[in-house]
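Novice: Below is the structure I would like to discuss, written out as structure tokens.
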There are 2 protein chains.
Amino acid sequence: MLEGLRIVEMSSFVAAPLGGMTLAQLGADVVRIDPLGGAADTARWPLAPSGTSLLWTGMNKGKRSVTVDPRSAEGREVVARLAAEAGIVLTNAVGGWPSYEELREARPDLILLQVEGKPGGAPAVDYTVNAEIGFPLVTGPVDHAAPVAHVLPAWDVACGLYAAVGLLAAERRRSRTGEGAHLRLPLYDVALATAGNLGLLAEAQLGVERERVGNHLYGGFGRDFALGDGDRVMVVALTRRHFNDLCEATGMAGTVTELARLLHADFSVDGDRYRHREALAALLAPWFAARTLAEVGRALEGRSVLWAPYRRFTDLDLAASALMDEIDQPGVGRIRAPASPLDTGAERRAVPAPRLGEHTDEIVSGLGLDPADLRAKGVVA
Amino acid sequence: MLEGLRIVEMSSFVAAPLGGMTLAQLGADVVRIDPLGGAADTARWPLAPSGTSLLWTGMNKGKRSVTVDPRSAEGREVVARLAAEAGIVLTNAVGGWPSYEELREARPDLILLQVEGKPGGAPAVDYTVNAEIGFPLVTGPVDHAAPVAHVLPAWDVACGLYAAVGLLAAERRRSRTGEGAHLRLPLYDVALATAGNLGLLAEAQLGVERERVGNHLYGGFGRDFALGDGDRVMVVALTRRHFNDLCEATGMAGTVTELARLLHADFSVDGDRYRHREALAALLAPWFAARTLAEVGRALEGRSVLWAPYRRFTDLDLAASALMDEIDQPGVGRIRAPASPLDTGAERRAVPAPRLGEHTDEIVSGLGLDPADLRAKGVVA
């Protein structure tokens, strides 16, 4: 969908690279510019046996790669010309590369989006932002006192997607008004905004301290249950219909009605299902514990109850997913890699990440410069 | 930035509402259409003392709200005309509302984005998707056997942002080619794509089972440390420079060099810092345990080490954040609420969420219809 959109990226790790890749997977031409030898994320774990970073290759699928020495005058000129031609720059670099003001000289309507740590530019990463916003102290087992870090760098992911939104919004405005943009996107603000959007900060301002509720769904009925065969399922009843269906499927409808009477509770209301979650879960747990995954599946089939078994990454049937396309990734080999989760109805193809500097010659030549000459001078590689 | 963009939303809970709100906060006119009395998320927790949903008001800031009976022919006509006028529809509803095919009749170049659970439309929610992708079994304390749910509905958040990207991308194409779009965005695919983009699925395909590492940063050195004053900090050394700075600030440089010699390790490399994380953390822990937060702050000031104290939602200084604007939210009162984390340089304002049906009259009148007549017939409210 984004054919004709061109973006230059000076990026590393997750947020900024994901922003560019999200647009590349929708058809944009995204050029990642790295310093000679690569940026700080070149060898970020996980690694393939060859030492190739699975994070780097995962975050840069479908981009072109050029490596330039940003300390040399000629290298900075290459960057400035690429930025001027593309008209859009996405970066999380702090220093080292030409600034917005410098890049704008050759392209007055430049759009540049700077991913930052804190507002104002102080450094911060997903793991530190997560700690200081508040999630780790309400995550994890109820009887666990210490914070629990997330494994998914959720703020980086959200930040990368906000960056993609910001670039498209700015480009839409430019196409109508001719106006460029210098956007800033602090990772900290992404996390703070999200905590606010979800109502957590409003709750805090109203004086409510969010409690740690383990794997229970907050404000409704949902929890994990152990099965008889060693498997485990997550079960969620978001609505009254889901909850009634769960009670009926498990043969608990009568018992739950009786419990409601005893407790003076109204289980048609979210809050009462939540307040009495432990009692309800205790009633349901034996039903799950007496069944295999297949039996649970049969009993819940055709019901509105939301549920899923817990799985490991190694359990997933990637061949069954239309999202996961087989690619030949340099440094990794033949693997299944995701296309965009946005399904346009067209065939979904994943494109491998480049090798670092794979497109240096093609890109430098495209500027009318001699790549052999620049390489000999150590300006590109 | 998105002045002139119009979107109609039939949405509930998090992903689809967040997608629309993300665009509303950048200037789009977003109309949320609900059934009479509201959708299933009207009373979703957390709640204000008045019973107003802090989740609903958090997810619908800056939108307009109209309530329509989608079962009546006249109600469906209202929806179809609003969709035709806006030209863009965002929904996670399954049935009940006019379909893409019906809506397209009055607007052949309609863009409709359908947020789904599973590809193909089977229901799934954040909590079930998270279970079946694999994160809960690698999250949480190392000695904890059960899965650990995330508190942040990260997949919903990512899905909502992908939806915003998808709508902007489709609208960009339409403005150039006249082509409409019927996009599908399964929550499951958002999670699967993200696990793939981060390298977790490539790692799994290479036969590596991701281990549970508690609060350690995977593939580098980072962990939480308890302080002497009861506080706790998250500390991250993503690069060699960060790590050297950490060792110097804590007076451990000599000891760590000696440890490297003893272990035949090279702590300038991510992998060795990760493999020996427990030994390194054990060396550093007493330094942190002997200091207050203020002392740690002074020792790390001016160093590249990334770190932050753990905080509760109730600890955050919202008044200090330019992102958090004070609003008067109907049903809640005066609170600070986030604007867009995308900082365009303009003043950042948050706009309250509407009351359910607040704009019914204005919107219905805008179609040339008589709201009093439709209200009397029970078509709108």
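Novice: How crowded by other chains is B:332-341, given as the mean number of beta carbons from other chains within 10 Å of each beta carbon?
Specialist: On the way: counts 4, 3, 1, 7, 4, 7, 9, 3, 8, 18.
Average per residue, whole number: 6.
Novice: Heavy atoms only, probe 1.4 angstrom, no DNA, RNA or ligands counted: give me A:171, B:77 ranked by accessible area, highest first. Intermediate results must be reported in sequence, preceding the final value.
Specialist: Details: A:171 20, B:77 100 Å².
My answer, sorted largest first, is B:77, A:171.
Novice: While we're on this one: How big is the dipole moment of the range A:1-85 about its Cα centre under a simple scheme where the beta carbon of each Lys and Arg is +1, that of each Asp and Glu is -1, and everything else is neutral? Debye, nearest 20, please.
Specialist: Details: 9 positive and 9 negative charges, 31 e Å.
In debye, rounded to 20, the range A:1-85 gives about 140.
Novice: With Cβ to Cβ distances under 14 Å as the rule, what net charge do the other residues near residue B:355 carry (K, R +1; D, E -1)?
Specialist: On the way: positive: B:32, B:61, B:63, B:64; negative: B:34, B:328, B:358, B:361, B:362.
The answer is -1.
Novice: A further question follows. How many partner chain Cβ atoms sit within 10 Å of a residue's Cβ in peptide A:261-274, on average, as a whole number? Intermediate results must be reported in sequence, preceding the final value.
Specialist: Working: counts 0, 0, 0, 0, 0, 0, 0, 0, 1, 6, 4, 0, 0, 1.
Neighbouring Cβ atoms belonging to other protein chains average 1 per residue here.
Novice: How crowded by other chains is B:313-324, given as the mean number of beta carbons from other chains within 10 Å of each beta carbon? Write out the running numbers ahead of the final one.
Specialist: Details: counts 16, 11, 5, 10, 0, 5, 0, 1, 8, 4, 8, 6.
Across the residues of B:313-324, the mean count of other-chain Cβ atoms within 10 Å is 6.
Novice: With +1 on each Lys and Arg Cβ and -1 on each Asp and Glu Cβ, and nothing else charged, work out how big the dipole of the protein assembly as shown is about its Cα centre, in Debye to the nearest 20. Write out the running numbers ahead of the final one.
Specialist: Numbers: 78 positive and 96 negative charges, 19 e Å.
Here the size comes out at about 100 debye.
Novice: Can I ask one more? What are the label-to-label distances in nm, one decimal and shortest first, from residue A:301 to the same spot in the other copies, with labels 7 Å along Cα to Cβ?
Specialist: In ascending order, 6.7 nm.
Novice: Once amide H atoms are placed 1.01 Å from N in the peptide plane, what residues at a sequence separation of 5 or more from residue A:214, or on another chain, have their amide H within under 5 Å of its amide H?
Specialist: The list, which skips near neighbours in sequence, is A:140, A:142.
Novice: At 7 angstrom along the Cα-to-beta-carbon line, where would the label on residue A:146 sit relative to the other copies? Give the distances in nm, shortest first.
Specialist: 1.9
Novice: Another question, if that's okay. Under 1.5 on a/c is rounded, so check that first for the range A:227-292, then, if it is not, pick prolate when a/b is larger than b/c and oblate when it is not; a ≥ b ≥ c are the square roots of the alpha carbon gyration tensor eigenvalues.
Specialist: Values: a/c = 1.97, a/b = 1.71, b/c = 1.15.
It comes out prolate by the Cα gyration axes.
Novice: I need the shape label for the protein assembly as shown. Rule: rounded when a/c is under 1.5, else prolate if a/b > b/c, else oblate, with a, b, c from the alpha carbon gyration tensor. It would help to have the intermediate numbers written out before the result.
Specialist: Values: a/c = 1.62, a/b = 1.19, b/c = 1.36.
Oblate.
Novice: Further, regarding this structure: Lys pairs in the protein assembly as shown, Cα-Cα under 27 Å, at least 8 apart or on separate chains: how many?
Specialist: On the way: A:61/B:118; A:63/A:377; A:118/B:61; B:63/B:377.
Lysine pairs, 8 or more places apart or on different chains, close enough: 4.
Novice: Near residue A:13, within a Cβ-to-Cβ distance under 9 Å, what is the net charge of the other residues, with Lys and Arg +1 and Asp and Glu -1?
Specialist: Working: positive: A:44; negative: A:41, A:126, A:156.
Overall, the nearby charge balance is -2.
Novice: Please give me, ordered by residue number, the GluC sites (Glu not before Pro) of the range A:105-150 that lie in loop per DSSP and have at most 16 other Cβ atoms within 10 Å.
Specialist: Numbers: sites: A:105, A:116, A:132; in loops: A:105.
Answer in residue order: A:105.
Novice: Whole angstrom only: what separates the Cα centroid of the range A:123-180 from the Cα centroid of the range B:272-315?
Specialist: Centre-to-centre distance over Cα atoms comes out at 22 Å.
Novice: Using a loss threshold of 30 Å², tell me which positions in the range B:145-161 are less accessible in the complex than in their chain alone. Probe radius 1.4 Å, ligands and nucleic acids ignored.
Specialist: Buried by the other chains: B:147, B:148, B:149, B:151, B:152, B:157, B:161.
Novice: Okay, next question. Could you sort A:82, B:293 by accessible area so the largest value comes first, with the probe set to 1.4 Å?
Specialist: Values: A:82 10, B:293 35 Å².
Heavy-atom accessible area, descending, gives B:293, A:82.
Novice: Same structure again: For chain B, what is the accessible area per residue in Å², given a 1.4 Å probe and the full set of protein chains?
Specialist: Values: 13690 Å² over 381 residues.
I get 36 Å² per residue for this part.
Novice: Going by alpha carbons, how many degrees (0 to 90, nearest 10) lie between the helix axis of B:15-24 and the longest principal axis of chain B?
Specialist: Helix B:15-24 sits roughly 80 degrees off the main axis of chain B.
Novice: Next question. Rounded to a whole number, what % of the accessible area of the protein assembly as shown do carbon and sulfur atoms account for, probe 1.4 Å? Don't jump to the answer; show the numbers that get you there.
Specialist: Numbers: 13360 of 27370 Å².
About 49 percent, which is the carbon plus sulfur part of the accessible surface.
Novice: What is chain A's relative contact order, in percent, from Cα pairs under 8 angstrom and six or more apart in sequence?
Specialist: Values: 661 pairs, mean separation 72.2, N = 381.
Reported as a whole number, the value is 19 percent.
Novice: Place the label 7 angstrom along Cα→C-beta at residue A:317 and in each other copy, then list the distances from the first to the rest in nm, shortest first.
Specialist: 5.4
Novice: Which parts of the range A:216-240, residue by residue, lose 10 Å² or more of accessible area when the rest of the protein chains are there, as against the chain isolated (1.4 Å probe)?
Specialist: Going by heavy-atom accessible area, the residues of the range A:216-240 that drop by at least 10 Å² are A:217, A:218, A:219, A:232, A:234, A:236, A:238, A:239.
Novice: Moving on. Using protein heavy atoms only (no ligands, DNA or RNA), what is the total accessible area buried between A and B, 1.4 Å probe, nearest 100 Å²?
Specialist: On the way: alone 19290 and 19300 Å², together 27370 Å².
Approximately 11200 Å² gets buried when A meets B.
The values are calculated or read from the model by the stated rules, or taken from the named source; none is laboratory data. What you are looking at is a predicted structure, and each value in this text was computed from that prediction instead of being measured. Positions of Cβ are backbone-derived with ideal geometry, glycine not excepted, and every protein chain shown enters the neighbour counts. Side chains included, ligands, DNA and RNA excluded: accessible areas come from the protein's heavy atoms. Shrake-Rupley method; radii C 1.70, N 1.55, O 1.52, S 1.80 Å.
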